[in-house]
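Worksheet: the structure to be examined is printed underneath.
The values are calculated or read from the model by the stated rules, or taken from the named source; none is laboratory data. Here the structure is a predicted model, which is why all the values come from computation and not from measurement. With ideal geometry, Cβ positions are generated from the backbone for all residues, glycine too; neighbour counts draw on all protein chains shown. Only protein heavy atoms, including side chains, enter the accessible area calculation; ligands, DNA and RNA are left aside. Shrake-Rupley method; radii C 1.70, N 1.55, O 1.52, S 1.80 Å.
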Amino acid sequence: MAAMREATAEWVLMHEHPFSIVEEEGFNLMQKRGMPEWQRINRTMNKNDCTSVYEREKTKLKNQLKKVKKISLTTDLWKSKNQKNEYMVVTGHWIDSNWRLQKRVLNFLHVPPPRRGIQIADAIFKCLTDWGIESKIYTISVDNASNNDSALRCLKDIFSRNKCLLAKGKLFHVRCCAHILNLMVQDGLSRIKEIVDTIRDSVEFINKTDGRRLQFAEIVRQLQLPEKMLIYDCKTRWNSTYEMLTCALKFQDVFPRYRDREPNYDFCPTTEDWEKVSKVCNILKTFWTATHVISGSDYPTANLYLNEVCRIKVLLDSKVDDEDDFVRSMVQKMKLKFDKYWGECNLLMSIAAILDPRCKMRVINYCFPLLYPPHEVQSNIGKVRQALYDLYDEYVEIHVSGQSGSSSQLLIGSDHPTKSSSSASSSVSHVSGMSEFLTHIATVESVQPVKNELDTYFEDGLLTAADDSTIDIVNLDALKWWKDTTKYKILPKMAADILAIPISTVASEATFSAGTRIGVVSYTG
């Protein structure tokens, strides 16, 4: 019965059932048929069982986190319409001992108004101390709200005082790429807001009844169009709106014919409307592709972002002086937003791309002339290179101190103690001269590898399909490549930490949706 109560609690938590479901007659009949010894439980007992499951899982996760050296966080705020409360979710991301990307929701926090930066910082820090990971934080990814900027300045100051941050905290604050893309695209879509509303109203009107759908489908059949149906969008997600518009474009010849048959339909977009929609969709296609890379369901690693950002910049530059007034004014507005957030060199995005064996330093040599003015290119390349080497030196220092400690402990511990005739000193052990010498050698020899691993990595050239015909070079898993390489000792640890950093808060945002949360659970096991 105890095992069944625990299984029931897990079932309630997994599917978000109300605690009272265990009091339903049908549930108890089913349980009794499967197990005659079943005893009824009430909602209070079920709630207590669910709390016990939570505490058990939290203890397991705490034990896992003790073994983790570096953890990156994503956090996002969400407002409940029913309760009128605002919650913050904190999600941890790390590489486990088997080199698998892991992510876990660490807490849902109620953050009362006015939700200033200091309140957000306090809530996050309290969560971290509760989990015992306040000295392990590498980066925090947030969207671009001003209170988040203030919160991270506060947290950076705290962690810097405790000397917890690598790279002097230069990588600590990660701005959500998906949010920046959303801000840019919303500026573009605002130029056709009324047209978008018209198309949305059309889709809603036609899909409202079976009769309207059938009539629309009949016209589609007569025109021999391959597409079958219109799709709705989610108003708050621009990529969903883009998909609605691209779908509706394929039916633009159907709408006027439908209007002729349906007297109550008066939302029909004009030919000029469709031309504008087509121009917008042509520009947003690059953004849509980038969003799928940045927010993909396969949990993309940080090395994939720089090239996508570069493609967007090239697109905007190519359209900023377009002869079409509509396109030109839209793109100029979007480019202002791009320059606001990506006008300065993004160290994390660049370092992660360099640690992709297909790219190395070539990627910034290629992208930076496209991203920055000519007089800033070499300066930014120098910044990235210096930050990369400084970061590597810190990992060398960590590696050396770890080796020295373990070597000393091993050598001293292996020496058999010599017992004195005095009972008071019978437990004292003596270190031999050889042990001292070997400890010294272990420390000195490990201070620096014979050759800087970064230099070796760059000298080896780029990874190509010709190096190994079994490699899918286009879809290479950079993290797996670093896991499998045996040439380096220190660089793989650094690459794993960098590649695990989320450059999007999608992982945290998705937690507020029951539909997407199932995917998160299945990924993390």
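Kindly indicate which of Tyr242, Tyr232 is of a type in the set (Phe, Trp, Tyr) and either open to solvent by 50 Å² or more (accessible area, probe 1.4 Å) or at pLDDT below 90 (or both).
On inspection, the qualifying residue turns out to be Tyr232.
Val22 fails exactly one of the following numbered conditions: (1) open to solvent by less than 60 Å² (accessible area, probe 1.4 Å); (2) over 23 Å from Glu57 (Cα atoms). What is the number of that condition?
With respect to (1) open to solvent by less than 60 Å² (accessible area, probe 1.4 Å); (2) over 23 Å from Glu57 (Cα atoms), Val22 is out only on (2).
Cβ-Cβ below 9 Å, separation at least six or inter-chain, first residue in region 386-399 and in contact (Cβ under 8 Å) with a residue 60 or more places away in the chain, second open to solvent by less than 50 Å² (accessible area, probe 1.4 Å) and among the acidic types (Asp, Glu): which pairs?
Tyr392/Glu453; Tyr395/Asp497; Val396/Glu453
Condition (residue is among the basic types (Lys, Arg), closer than 30 Å to Thr286 by Cα, in contact with a strand residue (DSSP E or B) (Cβ under 9 Å, 6 or more places away or on another chain) and open to solvent by 40 Å² or more (accessible area, probe 1.4 Å)) applied to region 156-163: is it met by at least one residue?
no
Quick check on Ala302: is it open to solvent by less than 20 Å² (accessible area, probe 1.4 Å), at pLDDT below 95 and either of a type in the set (Phe, Trp, Tyr) or farther than 22 Å from Asp497 by Cβ (or both)?
no
Under 40 Å from the mean Cα position of the chain (by Cα) and among the aromatic types (Phe, Trp, Tyr): is that true of Trp38 in this structure?
The answer is no for Trp38.
Does Ile140 meet the test of being assigned to a loop (DSSP other than H, G, I, E, B) and buried (at least 20 other Cβ atoms within 10 Å of the Cβ)?
So Ile140 fails the test.
Among the residues in region 118-126, are any under 25 Å from Arg161 (Cβ atoms), open to solvent by less than 20 Å² (accessible area, probe 1.4 Å), β-branched (Val, Ile, Thr) and at pLDDT 90 or above?
yes
Which residues, counting only those in region 368-377, are free of Cβ contacts under 8 Å to residues at least 60 places away in the same chain and open to solvent by 10 Å² or more (accessible area, probe 1.4 Å)? Quick ask: steps written out before the conclusion?
Taking region 368-377 as the starting set, the residues that turn out to be free of Cβ contacts under 8 Å to residues at least 60 places away in the same chain are 368-369, 372-377.
Within region 368-377, Pro369, Tyr372, Pro373, Pro374, His375, Glu376, Val377 qualify.
For region 58-103, name all the residues that are within 24 Å of Trp481 (Cβ to Cβ), in a loop (DSSP other than H, G, I, E, B) and either touching a Lys or Arg at 6+ places or on another chain (Cβ under 7 Å) or among the hydroxyl-bearing types (Ser, Thr, Tyr) (or both).
Val68, Lys69, Lys70, Ser97, Trp99
Could you check region 3-18 and list, in sequence order, the residues that are open to solvent by less than 80 Å² (accessible area, probe 1.4 Å) and assigned to a helix (DSSP H, G or I)?
Correct list: Ala3, Met4, Arg5, Ala7, Thr8, Ala9, Glu10, Val12.
Answer yes or no as to whether Arg328 is open to solvent by 20 Å² or more (accessible area, probe 1.4 Å), touching an Asp or Glu at 6+ places or on another chain (Cβ under 6 Å) and free of Cβ contacts under 8 Å to residues at least 12 places away in the same chain.
So Arg328 passes the test.
For Lys168, only one of the following conditions fails: (1) charged (D, E, K, R); (2) open to solvent by less than 60 Å² (accessible area, probe 1.4 Å); (3) in contact with a Ser or Thr (Cβ under 9 Å, 6 or more places away or on another chain). What is its number?
Failing condition for Lys168: (2).
If the requirement is being surrounded by 15 or more Cβ atoms within 10 Å (Cβ to Cβ) and over 30 Å from Arg311 (Cα atoms), which of these qualifies: Val196, Val185, Val203? Before you say what the answer is, go through the steps one by one.
Working: Val196 fails: over 30 Å from Arg311 (Cα atoms); Val185 fails: over 30 Å from Arg311 (Cα atoms).
Answer to the selection: Val203.
Checking the conditions here, which among Thr74, Thr51 is of a type outside the set (Gly, Ala, Ser) and open to solvent by less than 60 Å² (accessible area, probe 1.4 Å)? Break it down stepwise before answering.
On the way: Thr51 fails: open to solvent by less than 60 Å² (accessible area, probe 1.4 Å).
That would be Thr74, the only listed residue that is of a type outside the set (Gly, Ala, Ser) and open to solvent by less than 60 Å² (accessible area, probe 1.4 Å).
Pick out the one residue from Lys313, Lys340, Lys335 that is open to solvent by 60 Å² or more (accessible area, probe 1.4 Å) and assigned to a helix (DSSP H, G or I).
Of Lys313, Lys340, Lys335, the one residue that is open to solvent by 60 Å² or more (accessible area, probe 1.4 Å) and assigned to a helix (DSSP H, G or I) is Lys340.
Being within 19 Å of the chain's Cα centre (by Cα), hydrophobic (A, V, I, L, M, F, W, C) and part of a loop (DSSP other than H, G, I, E, B) is the filter here, so list the residues in region 143-181 that pass it.
Ala145, Leu171, Phe172, Cys176
Is there any pair linking a residue in region 340-367 that is polar (S, T, N, Q) to one that is open to solvent by 10 Å² or more (accessible area, probe 1.4 Å) and outside any helix (DSSP H, G or I), with Cβ under 9 Å and at least six apart or on different chains, and which?
Asn346/Arg175
For region 209-245, which positions are within 17 Å of Thr291 (Cα to Cα), in a helix (DSSP H, G or I) and among the polar types (S, T, N, Q)?
First, the residues of region 209-245 that are within 17 Å of Thr291 (Cα to Cα): 233-245.
Filter once more, keeping what is in a helix (DSSP H, G or I): 238-245.
Matches in region 209-245: Asn239, Ser240, Thr241.
List pairs: first residue in region 36-53 and under 14 Å from His17 (Cβ atoms) and hydrophobic (A, V, I, L, M, F, W, C), second residue assigned to a helix (DSSP H, G or I) and open to solvent by 30 Å² or more (accessible area, probe 1.4 Å) anywhere in the structure, Cβ distance under 9 angstrom, at least six positions apart or on different chains.
Taking only residues 6 or more apart or on different chains, the pairs are Ile41/Arg5; Ile41/Glu23; Cys50/Glu10; Cys50/Leu13; Cys50/Phe19; Val53/Glu6; Val53/Glu10; Val53/Leu13.
Residues of region 250-274 being loosely packed, with under 15 Cβ neighbours inside 10 Å and either aliphatic (A, V, I, L, M) or assigned to a helix (DSSP H, G or I) (or both), which ones?
Listed by number, the residues that qualify are Pro256, Asp260, Arg261, Thr271, Glu272.
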